[in-house]
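> Following this message is one structure expressed as structure tokens.
The values are calculated or read from the model by the stated rules, or taken from the named source; none is laboratory data. Predicted model only: the values in this text are computed from it and were never measured. Note: ideal-geometry Cβ built from the backbone for every residue, glycine included; neighbour counts use all protein chains shown. Side chains are part of the model used for accessible areas, which takes the heavy atoms of the whole protein and leaves out ligands, DNA and RNA. Shrake-Rupley method; radii C 1.70, N 1.55, O 1.52, S 1.80 Å.
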Amino acid sequence: MQIDHNSSKPLHAQAEEILRNLIDSEEYKTGKYLPNEVELSQKLNISRNTLRQAINKLVFEGLLVRKKGVGTKVAQKGILGGVKNWLSFSQEMKMLGIEIRNFELHISRKKPTEDICNFFEITPNTSPKCIVLERVRGKKEYPFVYFISYFNPSTPLTGEEDFTRPLYELLEKDYNIIVKTSKEKISARLAGEAIAEKLDIKPTAPILIRERFVYDINQIPIEYNIGYYRADSFTYTIEAER
């Protein structure tokens, strides 16, 4: 657990790497609480703000759980599915032979939440607005997914692009941004009024929520994407080998 203050790697990124190793260790992976922030920041010889930046990112990814007045602990591992060769939505649908229709497409600029700022490693109070892409997509007959994508303000996107094109193809061909890594979280809940209206279902209908944290080849965070899927139209399959 050592921070190299002479390294070109940012202190918060080094702290994050150390915390990831702790999370995977036998001692902590069962859900043990981390040392308190004062103790941990002193041990690492960094400020509490720097340490908190690393912790916030891991909380956002669901690897740590913060309990007010108690502390921060490693999240108990749920049933997680991962795939090494991930695809964009357009690529997934093409492989399945499904012709996709865009029911809605909106571009806006929005102030990112604190959690999204932590993912993009930007300062919440002074960060510029993010370009946000919202799309309702589905088969010809009905919509089955509502996507919201926040893009890192450091990307050269203007909002004037043709977002009917496959997103990652657009980023690569127009801006030489090559996405490589996607970390995902899958959860479920009832749709609620707002999502139900988008997907043409009842508010009490179940939906699947798929969060994607997308990085480029240099491990720079590019996109935070959340997709709300009709549970009757989407199945997440996992293939694993022992």
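> Could you please find all residues in region 23-45 being open to solvent by 80 Å² or more (accessible area, probe 1.4 Å) and of a type in the set (Ser, Thr, Tyr)?
30, 33
> Looking at region 132-174 only, could you name the residues that are under 18 Å from the mean Cα position of the chain (by Cα) and closer than 17 Å to residue 209 by Cβ?
Selection gives 134, 135, 145, 146, 147, 148, 149, 150.
> How many residues are small (Gly, Ala, Ser) and either more than 16 Å from the chain's Cα centre (by Cα) or more than 15 Å from residue 12 (Cα to Cα) (or both) when one looks only at region 54-70?
Selection size over region 54-70: 2.
> Further question: Taking the condition assigned by the TED database to the domain that holds residue 223, in contact with a Phe, Trp or Tyr (Cβ under 9 Å, 6 or more places away or on another chain) and touching a residue at least 60 places away in the same chain (Cβ under 8 Å), does residue 154 pass?
In short, yes.
> Could you look through region 14-53, keep only residues that are among the small types (Gly, Ala, Ser) and at pLDDT below 90, and pick out the one that is farthest from the chain's Cα centre (by Cα)?
So the residue we want is 25.
> Considering 182, 187, which residue is open to solvent by less than 90 Å² (accessible area, probe 1.4 Å), closer than 22 Å to residue 98 by Cβ and of a type outside the set (Lys, Arg)?
Result: 182 is the single residue among 182, 187 that is open to solvent by less than 90 Å² (accessible area, probe 1.4 Å), closer than 22 Å to residue 98 by Cβ and of a type outside the set (Lys, Arg).
> Also, I was wondering about something else. Are any residues in region 94-132 open to solvent by less than 60 Å² (accessible area, probe 1.4 Å) and among the aromatic types (Phe, Trp, Tyr), and if so, which ones?
119, 120
> Quick check, is residue 103 under 22 Å from residue 158 (Cβ atoms) and either modelled with pLDDT of 85 or more or in contact with a strand residue (DSSP E or B) (Cβ under 9 Å, 6 or more places away or on another chain) (or both)?
Here the answer is no, as residue 103 does not meet what is asked.
> Across region 160-174, what is the number of residues that are at pLDDT below 95, of a type outside the set (A, V, I, L, M) and open to solvent by less than 70 Å² (accessible area, probe 1.4 Å)?
4
> Also: Out of the residues in region 46-71 that are aliphatic (A, V, I, L, M) and open to solvent by 30 Å² or more (accessible area, probe 1.4 Å), which is farthest from residue 21 (Cα to Cα)?
Once the filter is applied, the top-ranked residue is 70.
> Let me ask something additional. For region 209-233, what are the residues that are open to solvent by 30 Å² or more (accessible area, probe 1.4 Å) and of a type in the set (Val, Ile, Thr)?
217, 220
> So which residues in region 190-208 are in contact (Cβ under 8 Å) with a residue 24 or more places away in the chain and either over 24 Å from the mean Cα position of the chain (by Cα) or open to solvent by less than 60 Å² (accessible area, probe 1.4 Å) (or both)?
Passing the criteria: 191, 195, 198, 199, 200, 201, 205, 207, 208.
> Inside region 7-37, can you point out the residues that are more than 23 Å from residue 120 (Cβ to Cβ) and charged (D, E, K, R)?
Selection gives 24, 26, 27, 29, 32.
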